[in-house]
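What follows is one structure encoded as structure tokens, with my remarks underneath.
The values are calculated or read from the model by the stated rules, or taken from the named source; none is laboratory data. All values reported here derive from a predicted model rather than from experimental measurement. Counting neighbours? That spans all protein chains shown, and the Cβs are built from the backbone with ideal geometry, glycine included.
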Amino acid sequence: MSTRSKKKTRRLSSTHRAAAAVLAVSLAAAALPLQASAGDTWPFQGESAQGQNQPSVHGYTSGHILDWTPERDPDAELLRSRVPLQPRISPFAATQADPSLSPDVHMTNVAGDYGNAFIENAPYTNKFAQYHFNFWQYTDYYSYWHGTATAYTPPEYYDELAQKDWQQKWFEFGMLNIPNPTYTDAAHKNGVVSLAGIFFSNNDRGQQTYKQMIVKDENGNFPVADKLIEMAEYFGYDGYFVNQEEIGPNVAVADIPDYQEFVKTLKQAGLYIQWYDSLNTDTGSNTFARTFRANNMKFLHDAEDNKQVSDSFFFDYGMGKTQIDNAEKFLADWNAKYGTNYNLFDHGYAGLEAGRDRFKNVQGTALTAKLDAEGKLRASLATLGADFVHAGLDEDMNQGWPSRKRNENDFQWMTDVRERLWWSGPNLDPANTAVSAQNTAADVYADTRYWPGVASVIAERSVVGGDTFYTNFNTGHGLDYYVDGKVSSDDEWSNMSLQDLLPSWQWWQESAGSKLDVAFDYGRQYESGDRFDYPLIGAYEGGSSLALRGKLDAETFLRLYKTDLAVAADSKMDVTYNKTVKSDDSVMSLGLIFADAPETTVKVPVPGSGGKTQGWKTTQVDLSAYAGREIAAFGLVFAPGAKPIGDYRMNVGELRLTHDAQAAPAAPTGLAIEAVYPESGEMLVNWNLDANYDDVQLYNVYVNDVFVGGKYDETFYVKDLPAQSGVVKVKAVGPDGTESAAAEVPFNLNTAPEQLKATPGTNGELAVSWTVPRSVKGDTKVSVRSINWTTAPQPVNETLTIPHGETKAVFKNIPTNGDEYIVTVQKDGLTPVSIAGAFADNIAEPYAEDWSWNGTTLNLPMPNTRDWRYLYVYEDGKLRSFPTTYNVGDRDRIIRGRTTKASLSFTSTAAKVEVVLEDYSGNKSEPLVLKGE
């Protein structure tokens, strides 16, 4: 682990920080009583704090979307998912935990990703204690729901006041929340559709309104819709969950035909669109029908042109028997009239408020209201906030701000158990979902008396097909990273791109005796709680392995994966395991269930598995005797031998089904270091992506053979270089987990320019300085280029050649508008080094939107410049006040993200009206006169 201290501040000037301090003082005066804000992910501290150049997901307004290009969008190239959506195998009831569940019942999971991070939301980072969703097998659609601040929001605004009280978050959330790309990677690997979130409401999105989104161009097209289609393709997600909840004013009835056409445009582009049932199309009001009826059906089907508008509805949480009865009848009549085929399993999702009602009695009651007499769902299911199992931990522990146990390593075992209770049910067994008479989960602040688990109503799905499969039981985070059973990196980490296909059942055991305790093993540093109070050993590959402990007094079958795997004449299963206690006559076997005989478990012993191992051992099991058959499910069978074993301990680190024709992929091509930031220890590397996912499914990145991360992509950000010199290696990973030979590129920061510093001045100069070892000869090339959303007429891209012996360079005529830049210093034959920052900012762009008067009513569109904080409206020299969201009082300015939509149009009888913009650095623009002289 690196002991070098790292500079963690973002690219912000001191004026940004000063503005933040003034903001907190000026706005706190009218604050409501402080309240704990359950579930927020507060900025990480120490070594896990956001890196200076670390990519982060951010939000978008409609204006941002309208102007979107990857080149202007900060970090865009590092926020892509390239994993294609994988097909799921055909349903097979015989291997389901509950064979009576219909595969026609679908599920939408609307929840956070790694947490509820508003400003710093990295795709991967060195933080173990985040939320890592482990139950994709019950989910068909995953939409990301927590809101993110728009780009360039100073992180200082998410201060102590904002962390204490949701109503004191004085910054702008985007109406669009795109998925974290590594979550999309994991979703797609599991056959789950990944949906961005579009949200309009009175309080949470400030001045933003649907009207800005559904604007039409001169040709009658929807340019924002076109950009949303483009963004989905670029970032690699599959569609949108649309939640329209504006009131005061409501949606204008006259706008509804255009709104329909806007949504239809997205769907017709091949995107999946789920509409939240919150709009009465007769009145435009924010109304929850909780059923299909004439005044909401327009957003599923347009009777005018007989075309579908969206794919499905997410119905509000009160949908029960009466509403389902009404929906069934309404759809039957509609189908008869229009020749459609709408139904409640493909098009209607009955909602549960998971994050609010959690494991309470009301939650069980709400689910029961959606079931038929046989206990089966009458509509598909949707939940909001199922990540409460992590995000709501402190609240459930009755801990208020500043408690953040959800982000502490020692409490992650609670998240693990709570999540399993929610999905697998009260017995942590999807084959036994009966609620209990007494609460058995008080130790994790849950309740087993009311909620039967998602597995009680949703059939598990799987993508495990073909003739090749592997897993290391890697959940997507770790306290160390292991390679071949040894610690490669002792940094903690989170990266959902590295999550393996996890077991279909957690945990379904069949035994006539005691059941084993089963858990993911993260190593000796992991606090596993009293429920799994056994020694831990860590992973074989990645961050975790599968651990089994306890009394083995009868044959026990642990079912693991639902599959459709073809067995060939040369098929074999490699089992890598670690048995840490004394040798005995126990036997671990593969338990195979074939599609042609699903009632029979075929046991294929792992030879020598009763012996104590010296570390990890890999044994190959020959499956050629079953050639031509299909494995419909498999797991592991543990038999005690002649007598019970009181303390059985087994870890499984890898299961790998292969055949002779499976070859390692070719080494990556085009590996290059794009940038090295020696002052912060960061690096960005690129290579050529093999777009055939059947051949390559991941790229692992190493520095001097220390694992630093991985992703199926063509670029990777390294947050903390483990060495100052050496070799960067990238290896492609095939579908059976086999790594290719490495592509390599050397680097050496010991001889490269160091103590790199760039100082922007308000006089339009950028001073760059550095040092080099005395032994290094030759001229130095120094370049500067502006990046991302530049506001200068032309981007900066200049290079100076500095003679040997000089260690300073000054660029002239540099913008002073806060544009971002990268400076690179290079000497021939040495590793180029870079530093990133922002130019000085002493200019505020004037208000430049298309304002207008209608009599005495001023229409004042929301500013669309990158850098604005306040908009002042002067009426005859006096500041006009505007109401703020959450009813926290009027302010004498329009505040980005917090003033209500009333600021967009208001009446003024003043003789003279002028506006002034103030940016994040406190600069004010020249007044723009809108009326009078």
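When GLY805, GLY829, GLY889 are checked against the criterion of being of a type outside the set (Phe, Trp, Tyr), outside the structural domain of ALA758 (by TED's automatic domain parsing) and either within 23 Å of GLU754 (Cα to Cα) or surrounded by fewer than 14 Cβ atoms within 10 Å (Cβ to Cβ) (or both), GLY889 stands alone in meeting it. Consider region 333-363 and keep the residues that are among the hydroxyl-bearing types (Ser, Thr, Tyr) and in contact with a Phe, Trp or Tyr (Cβ under 9 Å, 6 or more places away or on another chain). The one that is surrounded by the most Cβ atoms within 10 Å (Cβ to Cβ) is TYR349.
Scanning region 850-864 for residues that are surrounded by fewer than 20 Cβ atoms within 10 Å (Cβ to Cβ), assigned to a loop (DSSP other than H, G, I, E, B) and touching a helix residue (DSSP H, G or I) at 6+ places or on another chain (Cβ under 9 Å) yields PRO861, ASN864.
Candidates are the residues of region 177-208 that are more than 14 Å from the chain's Cα centre (by Cα) and part of a strand (DSSP E or B); the one that is surrounded by the most Cβ atoms within 10 Å (Cβ to Cβ) is ILE198. Residues that are among the aliphatic types (A, V, I, L, M), outside the structural domain of LEU558 (by TED's automatic domain parsing) and within 18 Å of the chain's Cα centre (by Cα) number at least 1 in the following helices (runs of 4 or more DSSP H) confined to region 386-432: 388-391.
If you go through region 856-884 and keep only what is modelled with pLDDT under 95 and under 14 Å from PRO927 (Cα atoms), you end up with nothing.
The residues of region 584-597 that are crowded, with 16+ Cβ neighbours inside 10 Å and either in a loop (DSSP other than H, G, I, E, B) or out of contact with any helix residue (DSSP H, G or I) (no Cβ under 9 Å at 6 or more places or on another chain) (or both), listed by number, are ASP584, SER586, VAL587, MET588, SER589, LEU590, GLY591, ALA595. If you go through region 701-730 and keep only what is touching a Leu at 6+ places or on another chain (Cβ under 9 Å), within 16 Å of ALA743 (Cα to Cα) and either in contact (Cβ under 8 Å) with a residue 60 or more places away in the chain or not β-branched (Val, Ile, Thr) (or both), you end up with VAL708, GLY709, GLY710, LYS711, TYR712, ASP713, GLU714, THR715, PHE716, LYS729, VAL730.
Between ASN700, ASN704, ASN763, the distinction of being at pLDDT 95 or above and on the phi > 0 side of the Ramachandran plot belongs to ASN704 only. Reported count of residues in region 316-354, each being over 19 Å from SER456 (Cα atoms) and in a helix (DSSP H, G or I), is 17. Working carefully through the options GLY889, GLY897, find the one that is closer than 18 Å to PHE171 by Cβ and touching a strand residue (DSSP E or B) at 6+ places or on another chain (Cβ under 7 Å). Matching residue, one of GLY889, GLY897: GLY897.
Residues in region 507-525 that are buried (at least 24 other Cβ atoms within 10 Å of the Cβ) and either at positive phi or in a loop (DSSP other than H, G, I, E, B) (or both): TYR522 only.
Table: residues versus (1) of a type in the set (Asp, Glu); (2) in a loop (DSSP other than H, G, I, E, B); (3) in contact with an Asp or Glu (Cβ under 6 Å, 6 or more places away or on another chain).
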| position | (1), (2), (3) |
| --- | --- |
| SER436 | no, yes, no |
| ASP443 | yes, no, no |
| ALA446 | no, yes, no |
| PRO452 | no, yes, no |
| ALA455 | no, no, no |
| GLY465 | no, no, yes |
| VAL487 | no, no, yes |
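Is there a residue being in contact with a strand residue (DSSP E or B) (Cβ under 9 Å, 6 or more places away or on another chain), within 26 Å of GLU674 (Cβ to Cβ), charged (D, E, K, R) and at pLDDT 95 or above anywhere in region 802-814? Yes, that holds for at least one residue.
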